[in-house]
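Here the structure comes first, spelled out in structure tokens, and everything after it is commentary.
Read-outs: derived from the displayed coordinates by stated rules, not from any lab. All figures in this text were calculated on a predicted structure; none of them were measured in a lab. Positions of Cβ are generated from backbone atoms using ideal geometry, with glycine treated the same way; all protein chains shown enter the neighbour counts.
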Amino acid sequence: DQQVKQNSPSLSVQEGRISILNCDYTNSMFDYFLWYKKYPAEGPTFLISISSIKDKNEDGRFTVFLNKSAKHLSLHIVPSQPGDSAVYFCAASQGDMRFGAGTRLTVKP
Amino acid sequence: ETGVTQSPTHLIKTRGQQVTLRCSSQSGHNTVSWYQQALGQGPQFIFQYYREEENGRGNFPPRFSGLQFPNYSSELNVNALELDDSALYLCASSFEWGINTEAFFGQGTRLTVV
């Protein structure tokens, strides 16, 4: 059931630079997309979301872009900070959420 | 406003046994979903309950079952445990099914089957 895919298991960026995390989905019925951040020994915490009627949503340093024709979304973090180091999951929903496998982001000082 | 809480935090069971995991939803939330997260993978959707009825199910066998109570707390039951059931089990609650909104997760229950 790989309806949501994150093909990069890990990403390493320098503090202050941009982090770009990518996600692809296969089910065109998904109408809401979310990004979650997870630290060890904690549950995922909600970061940002976007409805299928939009192509961009911004919240401070975090921006999510949605390309429906390509079934692709991305999360941009700028500037990246060491505290952003975590595993990031994208999720897609049509009533219930389906998750990707996650990308481990490391931001180096 | 209380968050989502799960109990227990850790559990060790023997193959073939049964287990019950519990979840208390965030105040005001009537929808709860359960996920299984194996090591190195993303959360896999098990099922979802809305107003005490199951209204969505992932690719899990019938030995995974659940309940949602009138106060919207929830249980996940797993019968005939297998070694591959060892995982982190996450519960998430959301305000209302069908409305695009984020779900809030508990800290999870780490189940080890030996």
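Structural remarks
- Only one entry of A:VAL107, A:VAL87 meets the criterion of being without any contact (Cβ under 8 Å) to a residue 60 or more places away in the chain, surrounded by 13 or more Cβ atoms within 10 Å (Cβ to Cβ) and assigned to a strand (DSSP E or B), and that entry is A:VAL87.
- Failed item, numbered, when A:ARG17 is tested on (1) surrounded by fewer than 19 Cβ atoms within 10 Å (Cβ to Cβ); (2) in contact with an Asp or Glu (Cβ under 8 Å, 6 or more places away or on another chain); (3) over 18 Å from A:PHE99 (Cα atoms): (2)
- Summed over the stretch B:17-35, residues that are of a type in the set (Val, Ile, Thr) and within 14 Å of another protein chain (Cβ to nearest Cβ) total 2.
- Verdict on B:ASN55 being of a type outside the set (Val, Ile, Thr), within 11 Å of chain A (Cβ to nearest Cβ) and on the phi < 0 side of the Ramachandran plot: yes
- Exactly one residue among A:SER28, A:SER74 is assigned to a strand (DSSP E or B), more than 14 Å from chain B (Cβ to nearest Cβ) and surrounded by fewer than 21 Cβ atoms within 10 Å (Cβ to Cβ), and that residue is A:SER74.
- Options B:TYR72, B:TYR49, B:TYR89; residue that is under 24 Å from A:THR103 (Cα atoms) and surrounded by 19 or more Cβ atoms within 10 Å (Cβ to Cβ): B:TYR89
- Test for A:TYR39: is it of a type outside the set (Val, Ile, Thr) and either crowded, with 17+ Cβ neighbours inside 10 Å or on the phi > 0 side of the Ramachandran plot (or both): no
- Put simply, of A:TYR39, A:TYR25 the only residue that is in contact with a strand residue (DSSP E or B) (Cβ under 8 Å, 6 or more places away or on another chain), of a type in the set (Phe, Trp, Tyr), touching a residue at least 24 places away in the same chain (Cβ under 8 Å) and more than 27 Å from B:THR109 (Cβ to Cβ) is A:TYR25.
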